[in-house]
Ligand code: EPU
């Protein structure tokens, strides 16, 4: 089914200039969900997960689990039952591992349960070199033998024994894998220089709700007392702070007025602080914790440097740079997490942005407005930035390669349309055989689709079949 997606060529077509107005409900956090799903392996039991976002990275994580023999039942759009009691061994298929970064979490989870794991090196957004040496170092510290051959990481251990793990650099993925591998190790593990992102805390809370004994998540020292057994649980994933931040910037860029529901304002603080600094009005409603964002016609540029939580998140850098490209004065944006996270800048330049990049620093000279153009999304957050640019620009923007966006944003265009944006998704199905076109949509069997395509073509179809993992096959 994952292959089926690429058989359909999809684009977002955005007519810019409409201020976003209204309410938007933020979905569950991608980066928490893709850690919690493999963590369920450690339960050897049924877990019910709520507030799970409907995005393709989550589908891939569920497909990997299912390929190992887990039973997965979708109880509603965002509620899933995962039964990992019958998983026999730990081998992750290559095609699935290659498509996401989160596949690396199967290493920690499988090692924790079976004392062995075989997982192809992970894929995910192309943001430059993304090694997993710190993950491996932590597995070895716990007593595992690691062997990387033909692109596959093989781990095996007789016993996993609690120890002290010091990360040479702050790593979200490394910290997650450490928690997964040591929750059931013998004795105490102390993880130092741990990442502090909200999704690290969420994973620790999930593991604790299964009976783990983890203290200090959210600080840079996490202590884990290994337990011999974990059990099933019912757990609700935290809201996605990056999705929330993306909508906040989109509202600011279009001079809109929107209210975000289902958010944790504390998680948004690094984003809120920068938005307020440039002149965006952000209000946290006391009784509801809803966040209201009101845009202005002009903002003052500012400097930004990405850093691990609670610093400004790298996953918001492209969106924020886009807003700075339309703000007064010159702003400097420094990317300190990834080597190549400025690929979208070339696309923004097509839309009239004045940005120069030298290695990890972008100098952004604000322009009065952007103009619509055909552009390509090179990765997930680059795609989000181009949507924001398109919403704010004069004229029409066509964004290609939107499968990157759908890895991490649930129903982006539907949510934006509900806020008044003029955005549609167009399908270009003639490049594939219609009978076999399988793609990911969230509605039911018998749903009728009626899409106007370019050059006067019309796509009319009825959804006929729902496969096990939420894919629908249209004929
Ligand atoms: N690093 C190493 N060695 C390692 C691990 C990381 O050198 O063993 C380096 C990386 O190359 C990078 C830095 O350490 O320079 C930080 O990487 P980290 O491990 O924190 O990132 P990640 O786990 O690969 C996760 C998110 C990313 C997000 C980063 C930073 C998931 C699945 N991915 O990646 O999310 O940008 O943390 O917050 O959780 C996204 O959602 O768009 C996305 C890319």
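Rule-based calculations on the coordinates, nothing more; no lab input. Being a predicted model, the structure only gives us computed values, none of them experimental. With ideal geometry, Cβ positions are generated from the backbone for all residues, glycine too; neighbour counts draw on all protein chains shown.
With the convex hull built on the Cα atoms of the chain, state its orientation-averaged projected area in nm².
Values: hull surface 83.7 nm².
With every direction weighted equally, the projected area is 20.9 nm².
Given a Förster radius of 51 Å and the C-beta distance between residue 283 and residue 161 as r, what FRET efficiency does 1/(1 + (r/R0)^6) yield to the nearest 0.05?
0.50
What distance in nm separates the two pseudo spin-label positions at residue 148 and residue 290, each 7 Å out from Cα along the beta-carbon direction?
Distance between label points: 4.8 nm.
Over the residues of region 152-246, compute the C-alpha Rg and express it relative to 2.2 N^0.38 Å.
Working: Rg = 13.8 Å, N = 95, 2.2 N^0.38 = 12.4 Å.
After normalising by residue count via 2.2 N^0.38 Å, the value is 1.11.
Compute the long axis of helix 380-392 from its Cα atoms, compare it with the longest principal axis of the Cα atoms of the chain, and write down the angle in degrees, 0 to 90, nearest 10.
Approximately 20 degrees, to the nearest ten.
Which whole-percent values make up P(r) of region 1-130 when all C-alpha to C-alpha distances are grouped in 5 Å steps starting at zero?
2, 10, 18, 20, 18, 13, 8, 5, 3, 2, 1, 0
Angle between the Cα long axis of helix 105-114 and the longest principal axis of the chain, 0 to 90 degrees, nearest 10?
Value to nearest ten degrees: 20.
Quick one: which of 288-301, 344-357, 100-113 comes out on top by average Cβ neighbours within 10 Å, and what's the full order, highest first?
In decreasing order of mean packing, 288-301, 344-357, 100-113 become 100-113, 344-357, 288-301.
How long, wide and thick is region 53-180, going by the Cα atoms along their three principal axes, in whole angstroms, largest first?
41, 35, 27
Across region 270-387, what fraction of all alpha-carbon pairs, as a whole percent, falls in each successive 5 Å bin from zero upward?
It works out to 2, 12, 21, 24, 21, 12, 5, 2, 1, 0, in whole percents.
Show that you can apply the helix-only estimate: for the chain, add -39,500 (n - 2.57) for every DSSP H stretch of four or more residues, divide by all residues, and state [θ] at 222 nm to the nearest 500. Intermediate values should be presented prior to the final figure.
Details: 15 runs with 138 residues, N = 475.
Mean residue ellipticity, 222 nm, calculated: -8500 deg cm²/dmol.
Find the all-direction average of the projected area of the Cα convex hull for region 184-326, expressing the result in square nanometres with one decimal place.
9.5
How far apart, in nm, are the 7 Å Cα→Cβ label points at residue 228 and residue 23?
Inter-label distance under the simple model: 5.0 nm.
Which order do the peptides 209-221, 163-175 come out in when sorted by mean C-beta neighbours inside 10 angstrom, highest first?
163-175, 209-221
Could you work out how far apart the two model spin labels at residue 209 and residue 303 are, taking each label as a point 7 Å from the Cα in the direction of the beta carbon, and quote it in nm?
Between residue 209 and residue 303, the label points sit 4.2 nm apart.
Find how much the distance from residue 418 to residue 394 grows on full extension, using 0.36 nm per residue of separation minus their present alpha carbon separation; answer in nm with one decimal.
Contour length minus Cα-Cα distance gives 6.6 nm.
Considering only the chain, what is the antiparallel percent among its DSSP beta bridges, to the nearest 5? Display every interim value, and only then the final one.
Working: 67 of 89 bridges.
The antiparallel proportion sits near 75 percent.
Give the angle, between 0 and 90 degrees and rounded to the nearest 10, that separates the Cα long axis of helix 56-67 from the longest principal axis of the Cα atoms of the chain.
Helix 56-67 sits at roughly 30 degrees to that axis.
Enumerate the whole-percent occupancy of each 5 Å bin, from 0 to the last occupied one, for all C-alpha pair distances of region 109-194.
3, 15, 27, 25, 18, 8, 3, 0
What percent does the relative contact order of the chain come to when contacts are Cα pairs within less than 8 Å and at least six residues apart?
20
So if R0 is 30 Å, what FRET efficiency would residue 221 and residue 354 give, r being the distance between their Cβ atoms, rounded to the nearest 0.05?
0.10
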